[in-house]
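Engineer: Here you go, one structure.
The values are calculated or read from the model by the stated rules, or taken from the named source; none is laboratory data. Please read these numbers as outputs of a predicted model, since none were measured by experiment. Here the Cβ positions follow ideal geometry from the backbone for every residue, glycine too, while neighbour counts run over all protein chains shown. Ligands, DNA and RNA are excluded from the accessible area calculation, which covers all protein heavy atoms including side chains. Shrake-Rupley method; radii C 1.70, N 1.55, O 1.52, S 1.80 Å.
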Amino acid sequence: MKKLINKIENIVTEMVDGIVSSAPNRLGRVEGYNVIYSKTFNKNNVALVSGGGSGHEPAHAGYVGDGMLSAAVAGQIFTSPTPDMVQAAINQCDSSKGALLIIKNYTGDLMNFKMAAEMSQMEGKDVDYVVVADDVALINNKAATGMRGIAGTVLVHKVTGAKAQSGASLQEVKAIAEKAIKNVGTYGVALDSCIVPAVGKKGFELKDNEVEMGLGIHGEPGVKKETLKSVDEFVNEMTEAIISHLQIQSNDKVACLVNGLGATPLMELYIANRKLQDILKQKDIKVVSTHVGNYMTAIDMPGMSISLMKLDNELEELIKKPCSTLAFNV
């Protein structure tokens, strides 16, 4: 394993330092915590707080800024941040309209973010939460946790952030977040596993001609193995699954996210996007916005995911609103 790091135990702390020092006029760090916050956040707006284990960069710190998140919490690699870290983010924002936590549907995140919300509520703060579960590959999963929260979370951040920046109430911001979550779906494919630095080896093994469909973003295997085929075939399979799940029809409008998992060249992502746009055009589905790049990765995993958000007039207006962050700009 070759990594450009110093000590394994310092990876997250040093990464957070690097993120904040790359935009010192826009971003700050809560002293004693791996919490990144926006220095330009208007405390008269609802605060949006998200986060999770590190290793998914640019998620989530890359979405802190005007029109998206107010703060992001970075746990250790693939490990949920603790409740006191999440509460530190809530306290830093200190919004007069309260805070909304955007949680990805993983057991650790659910437990710790909810606990932080309860702790803050006990102190008299107005805090609520929503849970993103956009992994279409797990639509028939019988596990108690259900569908995972993956790259579609970024689109939820975008529309919810735009609503919060408009001065809406906590109830109104939560309602938009829930609408966005209901209308977003993601499907992914992994060509290989990633390597967690503290472990030093792959989380699973694939033959040279195998891929994992329905990947997890924590290095876990997908839902099924398939034989390697052309990118057009993968994109068609993934897109059809999302369209079916969201019941997207002719003349509907969508936002698109073609997401790399950390080790896939942009060249390949753009080839995938070419096919995605062709499929949507043939179905007379109207594309309002498209984003191609690394948005929610799994360290150094080769592969990609596709996310679609079905848009009504309100979501379309919000997805188009300007935002300014390190990793997502409109």
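Engineer: Just one of (1) 34, 59, 7; (2) 28, 49, 20, 3, 0; (3) 29, 57, 14, 0 is P(r) over Cα pairs in 20 Å bins from 0, in percent calculated from these coordinates, so which is it?
Structural biologist: Recomputing P(r) over Cα pairs in 20 Å bins from 0, in percent here gives the entry labelled (1).
Engineer: Quick one: grab the alpha carbon gyration tensor of region 206-330, order the square roots of its eigenvalues as a ≥ b ≥ c, and give me rounded if a/c is under 1.5, else prolate or oblate depending on whether a/b is larger than b/c.
Structural biologist: oblate
Engineer: Follow-up question, since we're still on this one. Taking a ≥ b ≥ c as the square roots of the Cα gyration tensor eigenvalues, with a/c under 1.5 meaning rounded and otherwise prolate when a/b beats b/c, else oblate, which class fits region 108-222?
Structural biologist: Cα axes put region 108-222 in the prolate bin.
Engineer: Can you give the FRET efficiency for Asn44 and Asp17, using 1/(1 + (r/R0)^6), R0 = 30 Å, r = Cβ-Cβ distance, to the nearest 0.05?
Structural biologist: Calculated transfer efficiency: 0.50.
Engineer: How much of the accessible area of the chain, probe 1.4 Å, is carbon plus sulfur, in whole percent? List each step's numbers first, then the result.
Structural biologist: Details: 6730 of 13820 Å².
Of all accessible area on the chain, carbon and sulfur atoms account for 49 percent.
Engineer: In addition: Under the definition of Cα pairs under 8 Å and six or more residues apart, what whole-number percent is the relative contact order of region 242-330?
Structural biologist: Answer for region 242-330 is 41 percent.
Engineer: State whether region 1-76 is rounded, prolate or oblate according to the following rule on the C-alpha gyration tensor (a ≥ b ≥ c being the square roots of its eigenvalues): a/c under 1.5 gives rounded; otherwise a/b larger than b/c gives prolate, and the remaining case gives oblate.
Structural biologist: Because a/c hits 1.5 or more and a/b exceeds b/c, region 1-76 counts as prolate.
Engineer: A follow-up question, please. I'd like the distance separating the alpha-carbon centroids of region 88-146 and region 277-330, in whole Å.
Structural biologist: Value for the Cα centre distance between the two parts: 23 Å.
Engineer: Anyone know which of Leu246, Leu27, Leu257 comes out most mobile in the 10 Å Cα GNM of the chain?
Structural biologist: So, out of Leu246, Leu27, Leu257, the one fluctuating most is Leu246.
Engineer: Per residue, how much accessible surface does the chain expose to a 1.4 Å probe? Answer in Å², no decimals.
Structural biologist: Values: 13820 Å² over 330 residues.
Dividing the accessible area of the chain by its residue count gives 42 Å².
Engineer: Oh, and also: Given a Förster distance of 35 Å, report the FRET efficiency between Lys202 and Asp278 from their Cβ-Cβ distance, rounded to the nearest 0.05.
Structural biologist: The pair Lys202/Asp278 has a calculated efficiency of 0.55.
Engineer: How much mean residue ellipticity at 222 nm does the chain get from its helices, if each DSSP H run of length 4 or more adds -39500 (n - 2.57) and you divide by all residues, to the nearest 500 deg cm²/dmol? Before the final figure, lay out the partial values.
Structural biologist: On the way: 8 runs with 107 residues, N = 330.
It comes out at -10500 deg cm²/dmol, rounded to the nearest 500.
Engineer: Obtain the nm distance between the two label points defined at Arg26 and Asp232 by a simple spin-label model: each point lies 7 Å from its Cα along the Cα-to-C-beta direction.
Structural biologist: Computed distance between label sites Arg26 and Asp232 equals 3.8 nm.
Engineer: Can I ask one more? Set the Förster radius R0 to 22 Å, insert the Cβ-Cβ distance between Val288 and Ser250 as r into 1/(1 + (r/R0)^6), and round the FRET efficiency to 0.05.
Structural biologist: That pair, Val288 with Ser250, gives E of 0.90.
Engineer: Going 7 Å from the Cα of Ile8 along its beta-carbon direction, which residues of region 289-330 have the amide nitrogen within less than 20 Å of the resulting point?
Structural biologist: Output list for this probe position: 298-301.
Engineer: Would you please name the GluC sites (Glu not before Pro) within region 108-206 that are DSSP coil residues with at most 14 other C-beta atoms within 10 Å of their C-beta?
Structural biologist: Glu123, Glu205
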